[in-house]
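Bear in mind these aren't lab numbers, they're just calculated from the coordinates by the rules spelled out. The shown structure was predicted, so the numbers you read here are calculated from the model rather than taken from an experiment. Glycine gets a Cβ as well: all are built from the backbone with ideal geometry, and neighbour counts include every protein chain shown.
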Amino acid sequence: MPISFEIPERIRQNLQMTEALASGIMRPDARYYDEHEHERPHTFITMTWPVMRDQQKRQLDRMTAQARGEVPEKKREGPGIIYLNMVFTFEMLSWGDVGQMLCMPTALLAGAAIEAVGTPEQKERFLRRFAEGDQPVWGAMAMTEPGAGSDTSAIQTTAVLDPQTNEWILNGEKIFCTNGKLALEESNGIVVVWATVDRSAGRAGMKPFVVEAGTPGVTIEKVEIKHGIRASDTATIVLKDARIPYDNLLGSPEVQRRDTTEGFKGAMATFDASRPLIAASAMGVGRAALEFVKEKLAEEGIEIPYGKPRHALSAVQRDVLEMEAQLRAAWLLTLRAASMLDHGLHNSLEASMAKAKAGKVVTWVTQKAVELLGPRGYSCEWLVEKWMRDAKINDIYEGTGQINLLIVARRILGYSSRELT
Amino acid sequence: MISFTPTDEQQMLIETVRRYATHNVRPVAHDADEGGAFPADVLQTGWELGILPGNIPEALGGLGETHSAVTGVLAYEELGYGDLSLALHLMSPALMAIPLVLDGTDAQREEFMPLFLEETPPPVTAALIEPRIHFAPDDLKTTATYENGGYLLNGHKVCVPLAEGAQWILVYAWNPDAGQVDGFLVRGDAPGLTVGPREKLMGVRALPTYSLMLDNVRVDAACRLGGEQGIDFRRIQAHSRVALAALGVGVMRGALEYAVDYAKQRVQFGQPIATKQAIAFMLAECAIEIDAARLMVWEAAWKLDQGQDATRESYLAKQYVDQAAVMVTDSAVQTLGGYGYIREYPVERWLRNARGLATFYGLAIV
Ligand SMILES: Cc1cc2nc3c(=O)[nH]c(=O)nc-3n(C[C@H](O)[C@H](O)[C@H](O)COP(=O)(O)OP(=O)(O)OC[C@H]3O[C@@H](n4cnc5c(N)ncnc54)[C@H](O)[C@@H]3O)c2cc1C
Ligand SMILES: Cc1cc2nc3c(=O)[nH]c(=O)nc-3n(C[C@H](O)[C@H](O)[C@H](O)COP(=O)(O)OP(=O)(O)OC[C@H]3O[C@@H](n4cnc5c(N)ncnc54)[C@H](O)[C@@H]3O)c2cc1C
């Protein structure tokens with residue numbers, strides 16, 4: 001397919017519905033949930049659950065059917081648009097309100113890990129709950145620990161096999177787990193917990209375990225009080241002699257082996273899919289801020305001209321044009337990273353490029369927006385100050401800006417993670 | 001459907017131009033910059049690539065299926081990667097040919113188009129920039145006044161590439177009767193037209209550029225590009241911004257490639273400097289800027305090919321490249337440390353050239 005920037009018709013149709021939700025439900029509620037930090041955005045959750053459930057059901061049914069070899073994989077004409085559609089959706093929902101967006105009832109990162117390395121049996125057992133019922137269900141991923149943030153290989157949570165009962169016994173503390181409380185206490189959800197079966201083995205010892213809601217020994221110790229994305233649930237999970245069945249260790253026996261990093265690599269590859277989504281989310285917040293600034297400036301009679309040399313622009317015009325150019329640049333990087341996934345291409349370089357750029361740009365753009373609107377920008381009367389607080393998380397989670405730069409740097413220099421630390 | 005893959009034909013074009021840039025242009029770029037010109041045989045090989053005729057539609061006598069800005073920017077990036085002066089020199093015939101494709105009347109195309117299909121194109125150029133610190137392309141002081149069935153051109157232009165000995169110069173001027181900027185095809189030897197001495201600029205020093213004085217230069221009404229309608233200057237500007245931006249992407253790519261190699265080889269404190277985040281992150285940021293810039297150029301070019309107004313996209317792309325090109329080439333100089341400052345190494349030339357991009361208007365078109 002030749003170079004094109006034409007948004008597929010199906011995505012455009014989807015976006016109309018998404019936009020209605022974003023502007024009709026999320027925006028009007030955005031300030032409320034910012035001010036009522038641990039309340040749940042019920043309207044948003046209730047409205048999105050049936051949609052997410054049906055979508056997850058279709059995905060799961062397709063996966064299981066394929067695993068059984070029942071239906072031959074449909075010959076599609078050209079690549080799909082699943083990831084493209086997702087980035088457009090994330091962008092629009094985050095334009096509405098990124099805090100609420102993060103409360104979307106889905107398997108999300110847990111689902112991605114299970115899809116990446118889970119066996120067909122595991123997919124069915126863990127993901128079916130996301131595909132049925134009236135009650136929303138959440139999935140979460142717990143990697144980060146107090147002593148292991150960017151350096152995931154430093155995790156200390158342990159998994160020890162009890163040969164008598166054939167159960168894993170998990171011990172440790174996981175922090176900053178998005179939707180951890182929703183998954184474990186407020187729904188029949190799951191958390192993919194990363195633990196080590198052998199601390200001396202480094203990455204090869206790190207394995208993903210599925211912990212289900214209601215597992216004894218698993219408690220939510222704390223939910224964080226945050227700078228932004230306050231509607232989002234960020235939980236501390238403590239695992240104390242938490243016993244889970246042997247088969248909750250994700251992956252085939254091959255993946256589970258102690259001397260390979262296949263499991264780690266497989267699930268790390270889910271970053272290739274999640275980073276473009278976070279980048280897209282950042283873009284939604286950035287677009288919200290830019291549109292708002294332009295609207296307010298226009299009310300003051302300040303128009304943004306396209307075509308004048310920089311030296312002939314006012315400082316405000318120059319800032320706004322710079323915001324717009326930077327957002328566009330980051331957005332196109334995001335689209336490319338997503339499109340590569342749809343084409344089945346390896347995109348970890350491009351995903352990190354998009355994430356690093358988007359995190360940095362949205363942070364700067366929203367800070368600029370507050371600045372450009374003077375005292376009213378700083379006031380909670382408008383949402384720009386909130387967007388600035390919401391934006392910052394995009395340069396932190398799913399790999400900080402620095403970590404994503406590090407990935408890009410290694411790739412362009414041809415260095416391993418040992419050669420460039 | 002959103003896609004980032006050039007067609008097979010485009011890919012072939014990219015590779016052809018890249019080979020030329022790598023093997024013919026880059027090795028002589030330093031001497032050309034110092035000496036003020038590229039060797040004639042390098043230029044000749046460049047004409048023979050047929051980039052311009054390939055982008056003139058068959059219907060107008062060219063060799064291409066359609067005129068495509070996307071195809072154009074893919075080739076231009078490679079030329080920019082070779083050398084900015086060379087690229088601007090080689091594509092100077094396009095300064096007249098593409099506006100003819102876009103806005104020329106049938107008669108004008110019939111008369112002039114065959115010139116551009118010769119093996120060696122004619123010496124033609126265009127004049128847009130004027131010597132004022134407040135210069136803006138849509139606020140020209142050069143005027144074209146209608147009088148007795150023709151136009152009288154008056155004004156002062158600078159940065160006109162290859163003006164000396166040019167057969168035709170497309171002069172952009174404010175046309176008060178039409179209330180718009182128009183383009184006029186002026187003979188290089190027209191009475192009243194004086195080509196000044198060759199200019200000395202900070203960069204693009206292998207590209208001969210000149211100032212131009214127009215003192216009551218008279219042209220026939222038929223020399224107004226686009227006839228009675230004149231030109232769509234917005235669109236021409238968009239095509240021009242996209243072209244310059246594409247060249248800038250090539251300049252950046254060349255600079256980063258060089259800096260990456262250097263940083264991996266240069267040992268200080270017992271280790272290659274590339275193993276330090278201060279260097280590695282700077283280079284990573286450059287890589288991101290280059291890819292982002294390229295995508296913006298592609299999007300703007302694609303919009304042009306769709307026949308849509310690409311004023312905004314081309315403008316943002318050009319603004320973006322103008323800044324990114326300086327940032328990236330400066331990072332390359334910085335990576336080389338003291339050597340970066342020495343003319344024997346190419347990075348300082350790329351920085352000088354890149355800085356020109358923000359100043360250039362109408363010096364390239366695709
Ligand atoms: C709201 C929120 C939600 C989150 N959700 C989840 C979740 O669902 N699941 C989960 O597992 N985690 C989650 N996280 C954790 C998040 O991924 C980490 O905070 C992040 O990876 C950074 O780790 P850290 O906070 O320990 O910072 P650190 O790793 O201590 O980093 C501190 C600073 O040092 C820099 N730095 C670190 N290493 C290097 C290096 N090698 N080179 C250069 N600079 C470096 C970092 O970029 C950063 O600027 C969430 C965090 C937040 C705040
Ligand atoms: C015009 C000119 C005049 C000069 N005059 C004199 C003079 O009179 N006397 C004299 O002795 N010298 C002089 N110098 C030399 C000058 O001091 C050196 O060029 C400078 O110290 C840098 O060293 P380098 O060029 O070898 O670059 P390098 O040391 O190779 O550095 C290359 C790049 O790597 C970076 N880098 C290096 N090490 C690290 C690190 N550990 N961490 C992060 N980044 C790193 C540098 O910042 C630089 O960006 C002159 C240089 C010039 C260009």
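Taking the Cα centre of chain B as origin and charging only Cβ (+1 Lys, Arg; -1 Asp, Glu), how large is the dipole, in debye to the nearest 20?
On the way: 28 positive and 45 negative charges, 256 e Å.
Once rounded to the nearest 20, the dipole reads 1220 debye.
Would you compute, from DSSP H runs of 4+ residues alone, the mean residue ellipticity of chain B at 222 nm, taking -39500 (n - 2.57) per run and dividing by the full residue count, rounded to the nearest 500?
-15000 deg cm²/dmol
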Q | Rg followed by Dmax, in Å, when the protein assembly as shown is reduced to its Cα trace | A | 29.6, 106
Q.
Positive end of the dipole of the range A:289-421, charges at C-beta (+1 Lys, Arg; -1 Asp, Glu), about the Cα centre: which of A:T400, A:H346, A:G301 has its Cα farthest in that direction?
A. A:H346
Q.
Helix-only mean residue ellipticity at 222 nm, chain A, DSSP H runs n ≥ 4 weighted -39,500 (n - 2.57), per residue, nearest 500. What is it?
A. -16500 deg cm²/dmol
Q) Over the Cα atoms of the range A:190-303, what is the Rg over Rh ratio if Rh follows Kirkwood? A) 1.18
Q. How big is Rg to Rh over the range A:137-180, alpha-carbon atoms, Rh as the Kirkwood inverse-mean-distance radius?
A. 1.06
**Q.** Residue order, fewest to most beta carbons within 10 Å, for A:M388, B:M296, B:M12, B:M327
**A.** B:M12, B:M327, A:M388, B:M296
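Can you give the Rg to Rh ratio for the range A:179-223, taking only C-alpha atoms and Rh from Kirkwood?
The Rg/Rh ratio comes out at 1.07.
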Q) Over all distinct alpha-carbon pairs, what is the Kirkwood Rh of chain A in angstrom? A) 22.4
**Q.** Ranking of B:D106, A:D233 by count of other Cβ atoms within 10 Å, fewest first
**A.** B:D106, A:D233
Q) Gain in length, B:T194 to B:E58, computed as 0.36 nm per residue apart minus the alpha-carbon separation, to one decimal in nm? A) 45.3 nm
(Q) Just want the ordering: A:K265, A:K123, from fewest to most Cβ atoms lying within 10 Å of their own Cβ. (A) A:K265, A:K123
Q | the range B:109-125 and the range A:3-32: distance between their alpha carbon centers, rounded to Å | A | 50
Q | Per residue Cα convex hull volume in Å³ - calculated over the range B:32-160 | A | 144
Q) For the pair A:Q16 and A:H346, how long in nm is the line joining their label points, each one 7 Å along Cα→Cβ? A) 4.2
Q | Rounded FRET efficiency, nearest 0.05, which uses the C-beta distance separating B:D232 from A:K240 and R0 of 60 Å | A | 0.25
Q | Loop trypsin sites (Lys or Arg not before Pro), the range B:250-348, which have at most 12 other Cβ atoms in a 10 Å radius of their Cβ (DSSP) | A | B:R343
Q.
With angles folded into 0 to 90 degrees, how steeply does helix B:233-265 sit against the dominant principal axis of chain B? Use alpha carbons for both and round to 10.
A. 20
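Past 31 Å, Cα to Cα, is the threshold; run A:K240/B:K276; B:K200/B:K303; A:K123/A:K181; A:K57/A:K181; A:K207/A:K368; A:K123/A:K240 against it and keep the listed order.
Flagged as over cut-off: A:K240/B:K276; B:K200/B:K303; A:K207/A:K368.
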Q. Once the Cα gyration tensor of the range A:1-93 is found, what semi-axes does its equivalent ellipsoid get, as square roots of 5 times the eigenvalues, in whole Å, sorted largest first?
A. 32, 20, 9
Q) If you take the alpha carbon radius of gyration of chain B and divide it by 2.2 N^0.38 Å, what ratio comes out, to two decimals? A) 0.99
Q: Evaluate the relative contact order of the range A:195-263 (contact order divided by residue number), counting alpha-carbon pairs under 8 angstrom at least 6 apart; express in whole percent.
A: 39
